[in-house]
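Here the structure comes first, spelled out in structure tokens, and everything after it is commentary.
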Amino acid sequence: MRETLNRDTAINLAILALLVATAVAAHLLGEGFAVTLATKAAIFGLAGVGLNLALGYGGLISFGHAAFFGIGGYVTAILASHAAAGTPVATLPFTVMGSNEMLGIWPMAMLAAGLAALAIGALSLRTSGVYFIMVTLAFAQMLYYFAISWPRYGGEDGLSFYVRNSFPGLNTFAPIQYFAICATLLAVALAFTAVVTQSRFGLALQAARQNSQRTVAVGIRPYAIRLTAFVLSGMIVGLAGSLYADLNRFVSPAMLSWHMSGEIMVFVILGGVGRLCGPVAGAAIFILLEHVLGGISDYWQALLGLLLLGIVLFAPGGLIGIVTKRGRHA
């Protein structure tokens, strides 16, 4: 058991080290675009880590996590655009001013995503199986169409903000420095997930995934545990959405679409469902395939689909499962 844990820890550290080394090497070689790709992989990995908490450890197959990703992005863009214009976001019941400080924007993005996850989860978790999948998808699509019909913030054209938000002591326009911010938050999210999943709460969550009836029999309420995990998951994904909005200095309804929900799920499945760093590995492979194969053919997603199909059929533990020669965590 200890040998297995040590091997998993080594693999997780190797994945993070490889991501950081790639960004640093690209920076030293003057390849700013490659640093940006590594930053995108870190952000998508963070979104996958959030979904993995609900999907991998809680067994909650959500097709609506793009809602939280998009909410985090829109909160960031709205606050930044109002800060640039010097206008308040709202005046009733009290005045809310815009902000271009990341340390102020992140909590707001996570709070908004968390509240949305609480509302969506409270209703969705009253169902299960395919019904849960469809309800979460329906909520995300509702927000998607709301964003399209919200002309104040760009509607279907999206919302641009031309200055990346600031972080104390760092130049966020420098690709390597913004990567450092994203990689640090990714590491914090991974550490948080590791602590949570090994806590009494995390063990109860995994027990509810395996057999909810036995969980009830020992006095544990699966609904409350799953709802808590769903909210935590949504907050992490909301933070990723905030970082992604700052990376592009642009948000659009596409961040809320079911395609984005599918992509986040692909990150988790590629790397390994229920693996701590699985989503990071999956996101990195996804970005690599998009960059390499996208230059060869416009239909690179078909090759990705074949890879995903092969993993689902022959390597249910994902890429990390292939390395450790073990399937998905029980």
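The values are calculated or read from the model by the stated rules, or taken from the named source; none is laboratory data. A quick note: this is a predicted structure, and the numbers were derived from the prediction, not measured. Reconstructed Cβ throughout: ideal geometry from the backbone, glycine too, with neighbour counts over all protein chains shown. Just so you know, the surface numbers come from the protein's heavy atoms only, side chains and all, with ligands and any DNA or RNA stripped out. Shrake-Rupley method; radii C 1.70, N 1.55, O 1.52, S 1.80 Å.
For the condition of a type in the set (Ser, Thr, Tyr) and touching a Leu at 6+ places or on another chain (Cβ under 8 Å), what is the one hit in SER124, SER128, SER149, SER99? Spell out how you get there, then give the answer.
Details: SER124 fails: touching a Leu at 6+ places or on another chain (Cβ under 8 Å); SER128 fails: touching a Leu at 6+ places or on another chain (Cβ under 8 Å); SER149 fails: touching a Leu at 6+ places or on another chain (Cβ under 8 Å).
From the options SER124, SER128, SER149, SER99, the qualifying one is SER99.
Within the range 272-301, how many residues are assigned to a helix (DSSP H, G or I) and open to solvent by less than 60 Å² (accessible area, probe 1.4 Å)?
If we filter the range 272-301 for residues that are assigned to a helix (DSSP H, G or I), which is where we start, we get 278-294, 300-301.
Retained after the next criterion (residues that are open to solvent by less than 60 Å² (accessible area, probe 1.4 Å)): 278-287, 289, 293-294, 300.
Of the residues in that region, 14 qualify.
Residue-by-condition table, conditions (1) open to solvent by 30 Å² or more (accessible area, probe 1.4 Å); (2) polar (S, T, N, Q); (3) out of contact with any strand residue (DSSP E or B) (no Cβ under 7 Å at 6 or more places or on another chain):
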| position | (1), (2), (3) |
| --- | --- |
| PHE69 | no, no, yes |
| LEU79 | no, no, no |
| ILE120 | no, no, yes |
| GLY129 | yes, no, yes |
| VAL135 | yes, no, yes |
| TRP150 | yes, no, yes |
| ASP157 | yes, no, yes |
| SER160 | yes, yes, no |
| VAL163 | yes, no, yes |
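I'm trying to understand the selection: among the residues of the range 86-116, which are under 17 Å from THR172 (Cβ atoms) and polar (S, T, N, Q)?
Within the range 86-116, SER99, ASN100 meet the criteria.
Would you pick out the residues in the range 32-63 that are small (Gly, Ala, Ser), within 30 Å of VAL130 (Cα to Cα), open to solvent by less than 30 Å² (accessible area, probe 1.4 Å) and over 12 Å from the mean Cα position of the chain (by Cα)?
Passing the criteria: GLY56, GLY58, SER62.
For the range 169-179, indicate whether the set of residues that are of a type in the set (Phe, Trp, Tyr), at pLDDT 95 or above and part of a helix (DSSP H, G or I) is non-empty.
Looking through the range 169-179, at least one residue is of a type in the set (Phe, Trp, Tyr), at pLDDT 95 or above and part of a helix (DSSP H, G or I).
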